[in-house]
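Student: The structure follows.
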Amino acid sequence: MADGAMRNRQDLSDSIARWAPADGIFETALPRIGLVRSSSPTEPIHTLYPPSLCLVAQGRKQVTIGGRAIVYDEASLLVVGIELPVMGAVVSASEAEPFLCLRLEFDRTVLGHVLASWPDEPPSPPAEALGNSAATSEMFDAAVRLLALLEPGQDTEHLAPLVEQEILHRLLAGAQGPLLRQIAAGEGRLGQIDRAVRFIRASYREVFSVEDLAAIAGMSLSAFHAHFRAVTSMTPLQFRNHIRLQEARRLMILDGMTAAEAGFAVGYDSPSQFSRDYARIHRAPPRQDIARLRASYAAAG
């Protein structure tokens, strides 16, 4: 990494550390800007990633979706095109050098406004919903200037949208440009798959068929299968199960539901099938996994 990029990255690390003084996820006063800090590596945790940019200032994280694993760190950035259930783990962090990350959730209207000033380009091939590429000195610099607007006395209302647009411009000009164009358009294969994903997110407790999803996406059944897997690295039913099992885990941890209660609440008819699927995804049966998580949370304070 060149000296300028290293200085800008260090400045971003310092800014994130200031506004995220402890481990956790912090929302900021800037629209759709969040900060993440972790002082140690974490166990793989299933979570939902919204359409967003993740820019790491320090440390390293790995996300896995389906059988595909992506590592992003202080030399790279991650772009998420549609809401995805992933397994994420911080793999490099310490008290002295914590994992520090800025997340910008995309607003399709803002992205479309930025894209309107760009020349038309021929349609790009269907993009995978996750992409990572090198982070530039200019990207770090823009992120630093964005967080500087959290300081008192700044004209945040007027300046923050301009810096956000600069960040989007830089993404469009880089390797993730085709993916951002498809996010903004809401059309093409990514847009069609996104419609199916939104339906699954809203209706995962209900009974529906893959044929229903293909109709919602406006595709033939064979094309839908192929493109859904290309975009998400999962089959439609695997995707639904990931959503169900993440929600079931939340219900057991936060609401104190039993495994059977949580399974029925998210749409399973068979407790044994729920337990099998849960162990396959979370690597332990429900009771064992929840007990381990609660012990971990208690130890953390």
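Student: Identify the residue in segment 240-264 that is loosely packed, with under 15 Cβ neighbours inside 10 Å, of a type outside the set (Val, Ile, Thr) and not in a helix (DSSP H, G or I) and, among all such residues, is farthest from the chain's Cα centre (by Cα).
Tutor: GLY256
Student: Could I ask something else about it? Please determine, by comparing only the residues of segment 106-126 that are part of a loop (DSSP other than H, G, I, E, B) and at pLDDT 85 or above, which one is farthest from LEU179 (Cα to Cα).
Tutor: ASP107
Student: List the number of the failed condition for GLY267; all other conditions in (1) in a helix (DSSP H, G or I); (2) in contact (Cβ under 8 Å) with a residue 24 or more places away in the chain hold.
Tutor: (1)
Student: Please determine, by comparing only the residues of segment 229-239 that are open to solvent by less than 40 Å² (accessible area, probe 1.4 Å), part of a helix (DSSP H, G or I) and at pLDDT 90 or above, which one is farthest from PHE264 (Cα to Cα).
Tutor: The qualifying residue farthest from PHE264 (Cα to Cα) is PRO236.
Student: Restricting segment 127-146 to residues that are at pLDDT below 95 and of a type in the set (Gly, Ala, Ser), which is most open to solvent (accessible area, probe 1.4 Å)?
Tutor: Step by step, filter segment 127-146, then rank; the result is ALA134.
Student: Please give the number of the condition LEU251 fails out of (1) at pLDDT 90 or above; (2) over 16 Å from SER203 (Cα atoms); (3) touching a strand residue (DSSP E or B) at 6+ places or on another chain (Cβ under 8 Å).
Tutor: (3)
Student: Can you pull out every residue in segment 216-227 that is at pLDDT 90 or above and buried (at least 16 other Cβ atoms within 10 Å of the Cβ)?
Tutor: Listed by number, the residues that qualify are ILE216, ALA217, MET219, PHE224, HIS225.
Student: For segment 67-94, which residues satisfy the criterion of being free of Cβ contacts under 8 Å to residues at least 60 places away in the same chain and within 8 Å of the chain's Cα centre (by Cα)?
Tutor: VAL80, VAL86
Student: Here is a follow-up. Between a first residue in segment 201-215 that is in contact (Cβ under 8 Å) with a residue 60 or more places away in the chain and a second residue that is buried (at least 16 other Cβ atoms within 10 Å of the Cβ) and assigned to a helix (DSSP H, G or I), which pairs have beta carbons less than 6 Å apart while being 6 or more apart in sequence or on different chains?
Tutor: TYR204/ARG240; TYR204/ILE243; TYR204/ARG244
Student: Which residue out of THR28, THR109, THR64, THR42 is under 13 Å from the mean Cα position of the chain (by Cα) and polar (S, T, N, Q)?
Tutor: Answer to the check: THR64.
Student: If you don't mind, another one. How many of the residues in segment 49-61 are touching a residue at least 60 places away in the same chain (Cβ under 8 Å) and open to solvent by less than 10 Å² (accessible area, probe 1.4 Å)?
Tutor: Residues that pass the stated criteria total 4.
Student: Would you pick out the residues in segment 62-86 that are among the small types (Gly, Ala, Ser) and either crowded, with 16+ Cβ neighbours inside 10 Å or under 30 Å from ALA202 (Cβ atoms) (or both)?
Tutor: GLY66, GLY67, ALA69, SER76, GLY81
Student: Pick from segment 87-108 the residues that are open to solvent by 50 Å² or more (accessible area, probe 1.4 Å) and out of contact with any helix residue (DSSP H, G or I) (no Cβ under 9 Å at 6 or more places or on another chain): which of them is farthest from LEU12 (Cα to Cα)?
Tutor: Only one residue tops the list, namely VAL91.
Student: Further question: Out of the residues in segment 1-48 meeting the condition of being under 21 Å from ARG145 (Cβ atoms), of a type in the set (Gly, Ala, Ser) and loosely packed, with under 14 Cβ neighbours inside 10 Å, tell me which one is modelled with the lowest pLDDT.
Tutor: Going through the qualifying residues, I end up with ALA2.
Student: Shifting gears a bit: Which one of the conditions (1) under 20 Å from GLY34 (Cβ atoms); (2) in contact with a Ser or Thr (Cβ under 6 Å, 6 or more places away or on another chain); (3) exposed (fewer than 15 other Cβ atoms within 10 Å of the Cβ) does GLU157 fail to meet, given that it meets all the rest?
Tutor: So the condition that GLU157 fails would be (2).
Student: To continue, here is another question. Inside segment 165-208, can you point out the residues that are out of contact with any Pro (no Cβ under 8 Å at 6 or more places or on another chain), under 22 Å from GLN246 (Cβ atoms), open to solvent by less than 40 Å² (accessible area, probe 1.4 Å) and modelled with pLDDT of 90 or more?
Tutor: VAL197, SER203, TYR204, PHE208
The values are calculated or read from the model by the stated rules, or taken from the named source; none is laboratory data. Worth saying up front: this structure is predicted, and the values here are computed from it rather than measured. As a convention, Cβ positions derive from the backbone with ideal geometry for all residues, glycine included, and neighbour counts pool all protein chains shown. For the accessible areas, the whole protein counts, side chains as well, though only heavy atoms, and no ligand, DNA or RNA atoms are used. Shrake-Rupley method; radii C 1.70, N 1.55, O 1.52, S 1.80 Å.
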